[in-house]
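Written below as structure tokens is the structure these notes are about.
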Amino acid sequence: MKGRVYLDHNASTQVHPEVVAAMLPYFGERFGNPSSVHGFGREAREGLEIAREQIADFLRVAKEEVIFTSGGTESDNLAIKGVAGARGSGHIITSQIEHHAVLRTCEVLEGQGFAVTYLPVDGDGLVNPDDVRRAIRPDTILITIMHANSEVGTIEPVEAIGPIARERGIPFHVDGVQTFGKVPIDLERFGIALLSFSSHKIYGPKGVAGLYIRKGTKMVSVQHGGEHERRRRAGTENVPGIVGFGKAVEIRAREMDAEAVRLTALRNRFWAGVQSRVQEVRLNGHPTRRLPGTLNMCFRHVESESIVLGLDLKGVGVSAGSACTSGNVEPSYVLVAMGVPLDWAMGSVRATLGRENTDEDIDYALEVLPPLVERLRSLSPAAVP
Amino acid sequence: MNYSETLIDHFRNPRNAGMMREPDGVGEDTFDGCGDLARFYLRVVDGRVVDVRFQTYGCGPTIAASSAGSELATGRPVADLVAVSEQDVTAAVDGLPDERLHAAQVVAGALRAAARDYLSRRSAPSGSEVRQHA
Ligand SMILES: Cc1ncc(COP(=O)(O)O)c(C=O)c1O
């Protein structure tokens, strides 16, 4: 058997060796608190500010517009609650397929009296910008739409939604956790006021992320207790993590474009291989407007988790679209919103490729996946006439 | 998720998978919301299960529990099988994580349904029995 093949890069990634090397000194001699006045503190502060610069350069924004948080989840929470808190009441527009960090936050705000519109998506997972325009009310205070969906990889038309928001003077928040460092983001052209982005999806460490806040965006802070991050986010910064994040972004800047081309080709080859070897399989997500490495497929009459377990036993790591918790299977809410029929949605599997994947990895996956699906189908009463 | 070696073995190499022609008893059970479905076919001689086949749609644990359940049923008196419990099936796969206990529930339910089907056919011939968890 071949070694292990990791095809779950939308979940998390392996930290790049150069990133690890960049972080190490900040666990060691540069351990100071970046808020301290002395030399120890200044050294830590220097690492923090270099990272901020690396990220600001990458996004082509001012350093002051980038703050660090503990993860994409916190960035989403801060962006949404921050804007909502500054306004006190009003209406928020989002979509049905956002990450839970956005959906649950919006639901909490609904409980506090805010109104929220959850826009539908089409069969490819796209939000219609005209729907956004129609949903705007006089009291709309925020539009929050993700850049790419983590499950199916569909890239939303943020470039069309942003200008609508800008025209009406409504701040536009984009959850860019799955696109940052993978596909270009033009904050100015897309009309983005707030962008969430995370480190561990792009070969940086976990528990570090950022939020871009365009100058002049009115927000309140969500956690209190210090003057850190320009009073936007209290708490001593995770210096080694942030240093690693900055390094990861610097590497993405030089590797991103070529890798996007390579991963798209690899993913398309994977899909073509599956299609030619397995019957009753469908692709989920937009055929072309999709994250380079993301392949979400449904195998009819097979249950997602049995495929995930079967592949795991062959050393291949993928993720299941539907998750069975406490004997209650939730077919993916994203696939449901896209109108994928239930008997297909239950068999969805997501493979997400990344920088260390090779042609051999895909060959191996294509060798083990089709017989597994066939075997599971042979056990299933639904597939047997 | 951490699964026992026994469970993994049954998932990799399911015993007694498939259909049975003209079985003496058939029963199935499904798990609401989950979509998991197990169906068992029994061959019975002198009140004792001599052969079992199963067909299952579901997650790995449900497939493994079906295989283990088929072994558990083989050789048993039908009178026993009507009382097979979720715990019996859980034990047969060397334990299940809490979030996957439904696997044993579906399999035990389907085995009991098949046993009852056999018994009811003997008293008054009728169709196979299908049961659903509430
Ligand atoms: C679109 C999206 N938003 C937010 C998050 C949360 O990011 P983090 O894991 O850094 O909290 C994720 C991670 O899965 C994501 O895919």
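A:Gly153 - would you say it is at pLDDT 95 or above, touching a Lys or Arg at 6+ places or on another chain (Cβ under 8 Å) and within 15 Å of the ligand (Cβ to nearest atom)? Even if it seems obvious, please write down each step before you answer.
Values: at pLDDT 95 or above: yes; touching a Lys or Arg at 6+ places or on another chain (Cβ under 8 Å): yes; within 15 Å of the ligand (Cβ to nearest atom): yes.
It is true that A:Gly153 is at pLDDT 95 or above, touching a Lys or Arg at 6+ places or on another chain (Cβ under 8 Å) and within 15 Å of the ligand (Cβ to nearest atom).
Of the residues A:Ile307, A:Ile242, which is in the same structural domain as A:Phe27 (by TED's automatic domain parsing) and not charged (D, E, K, R)?
Details: A:Ile307 fails: in the same structural domain as A:Phe27 (by TED's automatic domain parsing).
Exactly one residue qualifies, and that residue is A:Ile242.
Based on what the data block shows, is A:Ala193 surrounded by fewer than 21 Cβ atoms within 10 Å (Cβ to Cβ) and among the hydrophobic types (A, V, I, L, M, F, W, C)?
Details: surrounded by fewer than 21 Cβ atoms within 10 Å (Cβ to Cβ): no; among the hydrophobic types (A, V, I, L, M, F, W, C): yes.
Judged against the criteria, A:Ala193 is not a match.
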Flag for A:Lys218 being among the charged types (D, E, K, R), surrounded by fewer than 23 Cβ atoms within 10 Å (Cβ to Cβ) and within 13 Å of the ligand (Cβ to nearest atom): no
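Scan the helices (runs of 4 or more DSSP H) fully inside region A:269-385 and keep the ones with 2 or more residues being surrounded by fewer than 24 Cβ atoms within 10 Å (Cβ to Cβ) and without any contact (Cβ under 8 Å) to a residue 12 or more places away in the chain.
Details: elements: A:304-313, A:333-337, A:342-345, A:359-379.
Qualifying helices (runs of 4 or more DSSP H): A:304-313, A:359-379.
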Output for region B:40-74, where each listed residue is within 13 Å of chain A (Cβ to nearest Cβ) and surrounded by fewer than 24 Cβ atoms within 10 Å (Cβ to Cβ): B:Arg53, B:Gln55
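Consider region A:187-210. How many of its residues are of a type in the set (Val, Ile, Thr) and touching a strand residue (DSSP E or B) at 6+ places or on another chain (Cβ under 6 Å)? Don't jump to the end; show me each part of the working.
Here is the first cut: in region A:187-210, the ones of a type in the set (Val, Ile, Thr) are A:192, A:202, A:208.
Filter once more, so that each one left must be touching a strand residue (DSSP E or B) at 6+ places or on another chain (Cβ under 6 Å): A:192.
Count: 1.
The values are calculated or read from the model by the stated rules, or taken from the named source; none is laboratory data. Quantities reported herein were computed from a predicted structural model and do not represent experimental measurements. As a convention, Cβ positions derive from the backbone with ideal geometry for all residues, glycine included, and neighbour counts pool all protein chains shown.
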